Amino acid sequence: MEFFRIHRTIPFMRYALVFNVISLVTFLTAVGFLGVRGLNLSIEFTGGTVMEVGYRQAPDVDAIRATIAAKVAGDSQVTTFGKAEDILIRMPAHPGVPSGQLADQVYAALTAVPAPGEAPECAAWHAADARFKLLPQDERTPEAAAPLLAQQKSLAGQCTELRRVEFVGPQVGSELAQDGGLALLAVVLGIAAYLAVRFEKKFSAAAIIANLHDVVLVVGMFAIFHWEFSLPVLAAVLAVLAYSVNESVIIFDRVREHFRTMRKATVVEVIDSAITATISRTIITHGATLTMTVTMLLFGGPALHYFALALTLGILFGVYSSVFVAAALAMWFGVQRADLVRAPKEERATIQMP
Amino acid sequence: MNRYPPWKYVLIVVALVFGILYAVPNVFGESPAVQVASVKATVRADAALLARVEKSLQAGGIAQQGISLDTIGQNPTIRVRFADAAAQARAGELLGRELNPDASDPSYIVAPNLLSRTPAWLQGIHALPMYLGLDLRGGVHFLMQVDLDEALTKRLQAAESDLRTQLRDKDVRHAGIRRGAGGLEIRFRDLESRNKAKDLILDSFHDLVVQESGSADEPILTAALSDAGRIAVRDNALKQNITTLHNRINELGVSEPVIQQQGDDRIVVELPGVQDTARAKNIIGRTATLEARLVDVSPDGMAATGGAVPPPFGSERFTVGRGVPVVLKKDVIFSGQQLQGAQATFDDKQQSAVSVELNDAAGRVMLQVTRENLKKPMAVVLFERGRGEVLTVATIQGEFGSRFQITGMPSPQAANDLALLLRAGALAAPMQIIEERLIGPSLGAANIEAGVRATEMGFAAIVVFMALYYAVFGVVSALALGMNLLLLVAILSLLQATLTLPGIAAIAFTLGMAIDANVLINERIREELRKGTAPQQAIQQGYERAFATILDSNVTTLIAGVFLFMLGSGPVRGFAFVHVLGILTSIFSAVFVSRGLVNLIYGSRRRLQKVSIGQIWRPATAGTPPVPPAGGARGKPSGA
C-alpha cells in the first residue's frame, strides 16, 4: 500500500500568496475575537465555584437557573456537560462566603424538589443530607454520618448526585493566569533560541511566526465559539506549539539538504521539492497523532473534550502552517542558498577536487 | 552488516523484563480490605494490636487473605485484606466493636479500604501500581494558604517579651520597646545601656540581627529577625502545620492522604475516597489546646485515681493517654499558646529527653510552681473536641523557668513523638482554604474508563494502520510502540507518580507522536529502496539518516515539556511530566528496540533480495522526482 504516488514536485509555493492572504485574514479575525469577545476562561483562572450535578433524567435547565438565581448573586452559568442529564453550574467567587458552603446551599436548594426519575426515597435522603451539613461541627460525627452514608450507598444510581465541586479562590486564579502567560512566553523564547542556534535567522523568524499563528488561531477558535479555556487546554496549546515547530524543523532540514544536492534549482524549486519529499511522512505522522486526539475527542468523555479539541485543531493548523506559512514566509524573507549552505571545510575541499 | 552485538540484545531484554515487572502491578486490580489506625495521639498501632486483630477475626470466623502492619509514615496502620466485600463489611463491623469498647470515645479508626492485589514478591522490589489522582478515584482536595507573616509576628512577640525580662534581669535600663514593621525598636537614655543591650541580644538571641540608630542622647537599637531566622521560623511553621494536619486527618481514616507543601507558603491536602467535605474541613480547621497541670497528690486526689470516689473539688480525673488514670488539678500552669518549642534531645546522662521552651510569662509562672512543688508530678494534656488526652506525667526535679527538659524517655523515638505532640497542639500559623475540589467516586471511575478506552482505541487504530501500510516494518514499529507504552507505564509506576486524567491524555498524545519516529525511519528506508539501494544498506541508511531528524524533532517538544513542568501547576504539570518521560522512552524504543527487531529479522540474511515494507512505487514517468535518483537499481522493490 502506498498512498502517495507523487509524479513530480508539487508547486506548493505557487499558491503561497493565496494561502497567506487567507492566513492573514483568519489570523486577524482570531485576534479581533480575542480582543473584543475575550476567552471564556475556566474558574481555574477567574476564581469561583463549579458544580457538576448528575440527574437521572434530563432536567429543566431554566428551572435550575431560576433556583440558582434566587440563591446566588451575580452571573451564574448553567449548561449541560457531555449528556443532557449532567448539569454544570459555574458561579462567580463570593468574597465572605466560606468555600464550599455556597455549593452546599445550592445543592440543597436544587434537591429540595424531587427531580424526575428519582426513586421516591431520595427526597428524604436529600433532606437529611442537607440537614446534616447544617449541623454544628461537634455534632457531625462519623457515627451521625454513618446511616446517611449507608443510605446513600443503597440508593446509589437512583438519585440526583453531586459529582464534583471545585472552588478556586480569586488569588489562586490570577496566579494561575500569570503562570500560564509566563509558561507561554518561556516556551516561545526557548523554541526561538533553539531555532536561532539550529537554523539561520530568516528560518527561525519564519518558524516562530508560523507557529504563533497556530497558537493564535487555536486560542481564537476558543474565543469565537466561546469554548471553555481551562488549564489543560493551555497545556494542549503549548504542546501543539512545540509539535508544529517540529514540522517546520523537518521541512527546513530538507530545504537545507536540497540546497546542497540541487545546485541548479531556484529557491522556489528547492522549497517545493523539499515539501514534496516530506509530504508523505507529514501526512502519515500527523494522521497517527490525529487518530489519537480524535479518539480522545470522541471517546475520552466530557472532561477531556476541550483538551482533545485544542490538540486536534492545533495539529491541523500546524500541518497547514508548516507548509504554507513557515516555508512561504522563509521565501518572502528572501532565503538564499548562501544563507544555508555555509559549506563546512571538508565539503569545500571536495568541491574543489577535480 | 545489520547485526547488533549481543550486549544490545541483552539490554533490550533487560528493558523488556524491567518494563513487564514494573508495569504489571497495574493489572492486578484491588481487593477489599480493612485498615486499622489509631486516632489517639498517644496510641500507636503495633505488633500487639496486629495479633489482637488476627485473633478477633479468627474468633469471629472471618477468613482473611493477609494482614500487615505498615509503619511507614506518620501513623502506623494495620491492613487486612479479604476475598470479597461481604467479608470486608463483616470484619469492619466486628473490629470496630472489638477495638473500641466505648463507642463514644474510639481509640482506633476502622475503615474500609482497597489494597492492590500485587503479589508480595513484586511489592518487595517496589513494583506497585501507579498512584491514581483524585480525578480518577474521587475524593477531596484542599489547597491551603498558610499565613506565615502571622508566624513571624508571633516569633517577634515572643522575642519582645523575652527581651524585656532579660534586660530587667541584667539591669539594663531602656526607655521603651516598640514592635514595628521592621522589628523591635528599643530606645535608650545613654549609649552604655545600648551597648550592653546589644551584647545581650547578640549573645542570647541567635535569630536576631541588630542595627544602631538615633543620637547620642536618644540612642535606638533595632532588632530584627535575621534572614536565616526568618527562614527557620517559616519552615518550622509550615512543618508544624503539616504535622498537625497529619494528626487530625488520621482521624478521618483516609487510606492514603496526601499532605504536602506546595510552593513557599501553601499546603495541599488530598483525601481520596472522602465525600463529606464539610466534615473534612471541620477536622482540618479544628483548634486543639494543650494544658500543663499539676497532679493532685492530696489524699482525696489519690483516692479518686482508681475511680471509686469522685475527684475532689477543683480536680478532674483523666483516663485516656499515658500514665492514666490520673487526677489533675484544674489550674493551668501554661497552655499551648505559651509553648514556643519542643525538641527531642539528650539529657546530661545521654538519655532521651524533650527540651521545652516557654515564653517569658509562662516561664515566670513555671518558676514559682516548680519552687513550690519540687518532687511532685505534673502532666501535659491535649484537649481536642472537649476531650482531654494525657501526653505525659513527669516529676518536677528542680526549679526552672522558661526552658526545661522532660527526661526519662524510654527511646529517642518516644522523645520525638512527644516533642511532635507538644508542638502539634495548635497550628503554628493560621491557614485559609483557597482552593477546594470534590470529585465523586462515580465520576472518577467514568474518567478513568473513558481515558483508558480512548488510549486503547487510538493505539489499536495506529497498530492496524502501521501493519497494513508498512507490512513487517509496520509490525516492528507497532511492537516498538507497545514497548514504549510498557516502559512509560513501568517508569511511572516505579516513580510512584500520580496518574491524573491529563496524564492519561498525555500517554495517548505521546504515543501518537512517538510513532512519528518510526514513520520517519520507514519512509527513509522506502526512499533508499526507491533509489535502488540494496535492502541491507537501505535499512542501515534509513535508520542512520532518520536518527538526526528524530533527535531534532524531539528537542522542541522537550523544551516545551520542561517549561510546562517548571511553570505549570496541577493538571498541566501532570501532563508535562508524562509527556517528557514519554518522549525520552520513545527515542529508546522507536530507534534502538525497533532496529534490534529489524536486525533480528533481516540482519543475518546475506543475500537479502527484498524486505517487507509495503509496496514501493517508483515514478516511472519523466519529470522531476522528489529526490534525485542515484545509482543503478540493484534491490528489487517488494510488493508484499
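Bear in mind that the values in this text are calculations on the coordinates, not laboratory data. If you're wondering where the values come from, they're calculated on a predicted model, not measured in any experiment. For neighbour counting, all protein chains shown are included, and Cβ atoms are generated from backbone atoms with ideal geometry for every residue, glycine included.
What order do you get for A:His258, A:His226, B:His174, A:His126 when you list them from fewest to most C-beta neighbours inside 10 Å? If you can, show how the numbers build up before the last one.
Numbers: A:His258 25, A:His226 12, B:His174 19, A:His126 22.
So the ranking, lowest neighbour count to highest, is A:His226, B:His174, A:His126, A:His258.
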Exercise. Applying 1/(1 + (r/R0)^6) with R0 = 60 Å to the Cβ-Cβ distance of B:Gln58 and B:Gln615, what FRET efficiency is obtained, to the nearest 0.05?
Worked result: 0.30
Exercise. What are the chymotrypsin sites (Phe, Trp or Tyr not before Pro) within region A:175-279 that DSSP puts in a loop, where the Cβ has at most 12 other Cβ atoms within 10 Å?
Worked result: A:Phe225
For this session: Per DSSP H run of n ≥ 4, the term is -39500 (n - 2.57); total these for the protein assembly as shown, divide by its residue number, and report the mean residue ellipticity at 222 nm rounded to 500 deg cm²/dmol.
Result: -17500 deg cm²/dmol
Seminar exercise, completed: quick shape note, chain B: Cα extents on principal axes in Å, largest first -> 111, 80, 45
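Taking neighbour counts of Cβ atoms within 10 Å as a proxy for exposure, in what order, fewest first, do A:Tyr15, A:Tyr320 appear? Numbers along the way, then the final one.
Working: A:Tyr15 13, A:Tyr320 20.
Neighbour counts put them in this order, fewest first: A:Tyr15, A:Tyr320.
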Exercise. On average, how many beta carbons from a partner chain sit within 10 Å of the beta carbon of a residue in A:274-286?
Worked result: 5
Exercise. So for B:Met483, B:Met566, A:Met296, A:Met221, fewest C-beta neighbours within 10 Å to most, what's the order?
Worked result: B:Met566, A:Met221, B:Met483, A:Met296
For this session: Could you order peptides A:67-78, B:530-541 by the average number of other Cβ atoms within 10 Å of their residues, highest first?
Result: B:530-541, A:67-78
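Below 8 Å between Cα atoms, with a sequence gap of 6+, how large is the relative contact order for chain A in percent? Before the final figure, lay out the partial values.
On the way: 439 pairs, mean separation 88.7, N = 354.
So the answer I get is 25 percent.
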For this session: Percent of Cα-Cα pairs per 5 Å bin, from 0 to the last occupied bin, for region B:464-564, please list those.
Result: 3, 11, 17, 21, 19, 13, 9, 5, 2, 1, 0
Exercise. What nm value, rounded to one decimal, do you get for the distance between A:Ile10 and A:Leu28 when each label is placed 7 Å out toward the C-beta?
Worked result: 2.8 nm
Exercise. How far apart, in nm, are two points set 7 Å out from the Cα along the Cα-to-Cβ line at B:Glu218 and at B:Glu399?
Worked result: 4.1 nm
For this session: Using Cα centres only, tell me the gap between region B:451-525 and region B:1-74 in whole Å.
Result: 29 Å
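Just the Kirkwood number for region B:355-489, please: inverse of mean 1/r across all distinct Cα pairs, in Å, one decimal.
Working: mean 1/r = 0.0461 Å⁻¹.
Its Kirkwood hydrodynamic radius stands at 21.7 Å.
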For this session: Would you please state the base-10 log of I(q)/I(0) at q = 0.05, 0.09 1/Å for the protein assembly as shown, with intensities from the Debye formula using one equal scatterer on every alpha carbon?
Result: -0.43, -1.10
Problem set entry | Positive-end residue, the protein assembly as shown charge dipole about Cα centroid, Cβ charges, pick of B:Thr77, A:Tyr107, A:Pro11 | A:Pro11
